[in-house]
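Novice: The structure is given below, and queries will be raised subsequently.
The values are calculated or read from the model by the stated rules, or taken from the named source; none is laboratory data. Because the structure is a prediction, the values reported are computed rather than measured. Cβ placement follows ideal geometry from the backbone for every residue including glycine, while neighbour counts extend to all protein chains displayed. The accessibility values were calculated without ligands, DNA or RNA, using every heavy atom of the protein model including side chains. Shrake-Rupley method; radii C 1.70, N 1.55, O 1.52, S 1.80 Å.
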Amino acid sequence: MNQKISLLQDIINQSHRIVFFTGAGVSTASGIPDFRSEDGLYHQKYPYQPEKILSHHFFLEHTDTFYQFYKEKMIYPNVKPTYVHQYIASLDHQKQVTVITQNIDGLHQSAGSQHVLELHGSVLHNTCMQCHHHYGIDEIIHQDGIPHCPNCNGIIKPDVVLYEESLDETILTKSIHALQQADTCIVLGTSLVVYPAAGLLQYFIGNNLVLINKQPTAYEQQASLVIHDDFINIFPNLK
């Protein structure tokens with residue numbers, strides 16, 4: 001393992017433009033559960049499956065149930081960035097770094113990363129469906145039940161991409177451009193099974209594809225370096 005960490009350090013040192021492609025595994029150390037681990041949302045019991053609750057039509061038809069689940073299982077306002085978020089942010093002063101993330105927690109920005117593309121939106125941003133006024137997370141947390149706009153009483157919707165909704169075309173275009181320009185792409189904490197996000201890797205044409213995840217992924221034959229280990233055993237050893 002020490003040899004792989006040394007190789008990872010060498011790749012980072014020699015890179016000028018790095019894309020970090022991050023998934024739920026990056027935030028689990030902050031206390032945010034992922035979807036597919038043994039303790040993840042897919043393995044917990046609810047009247048409906050999480051995919052159904054977090055869908056566009058369910059939000060419209062069962063808004064009260066959606067928000068009951070959303071507030072309990074999707075919002076973690078007091079979490080802090082981990083050593084992984086902090087390490088990525090520290091590279092901003094040395095290299096051209098872009099973070100493409102599937103996460104909706106805002107932790108990369110909290111750690112100080114300047115160039116973050118949120119494929120699935122963010123729980124920190126919310127919009128009134130009627131007057132389109134924008135709100136932070138406090139408006140969601142501090143209202144009981146379904147949050148309503150103080151201006152027009154319209155329902156406030158989280159700016160997250162629900163199932164059945166399309167990804168933001170501007171974010172996709174910027175992500176593709178970043179991957180095409182990068183000499184290194186480091187994939188962290190994602191199983192690469194959620195599309196269309198996982199399909200973005202086909203646009204990376206640089207020198208080094210690095211995959212760091214506890215479980216195997218479908219892209220390993222294309223990778224320069226694969227590490228199956230916990231982040232705690234890797235990132236504190238990087239400079």
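Novice: Could you go through the range 166-178 and let me know if any residue there is assigned to a helix (DSSP H, G or I), touching a helix residue (DSSP H, G or I) at 6+ places or on another chain (Cβ under 8 Å) and in contact (Cβ under 8 Å) with a residue 40 or more places away in the chain.
Specialist: For the range 166-178, residues assigned to a helix (DSSP H, G or I), touching a helix residue (DSSP H, G or I) at 6+ places or on another chain (Cβ under 8 Å) and in contact (Cβ under 8 Å) with a residue 40 or more places away in the chain: present.
Novice: From the set of residues in the range 190-219 that are open to solvent by less than 50 Å² (accessible area, probe 1.4 Å) and assigned to a helix (DSSP H, G or I), which is nearest to LEU119 (Cα to Cα)?
Specialist: Taking the candidates together, the pick is ALA197.
Novice: Could you give every pair whose Cβ atoms fall below 8 Å, whose first residue belongs to the range 57-74 and is farther than 16 Å from ILE137 by Cα, and whose second residue is open to solvent by 10 Å² or more (accessible area, probe 1.4 Å) and aromatic (Phe, Trp, Tyr), counting only separations of at least 6 or pairs across chains?
Specialist: As it stands, the answer is PHE58/TYR48; THR65/TYR48, since those pairs meet every condition given.
Novice: Would you point out which residue out of LEU172, LEU209, LEU201 is in contact with a Cys (Cβ under 6 Å, 6 or more places away or on another chain) and under 22 Å from VAL19 (Cβ atoms)?
Specialist: LEU209
Novice: Within the range 155-170, identify whether any single residue is farther than 27 Å from LYS52 by Cα and at pLDDT 95 or above, and answer yes or no.
Specialist: No; the residues of the range 155-170 include none that is farther than 27 Å from LYS52 by Cα and at pLDDT 95 or above.
Novice: Which pairs have Cβ atoms under 8 Å, sit 6 or more apart or on different chains, and link a residue in the range 114-138 that is farther than 21 Å from ALA89 by Cβ to one that is part of a strand (DSSP E or B) and of a type in the set (D, E, K, R)?
Specialist: The qualifying pairs are ASN126/LYS157; ASN126/ASP159; THR127/LYS157; THR127/ASP159; CYS128/LYS157; MET129/LYS157.
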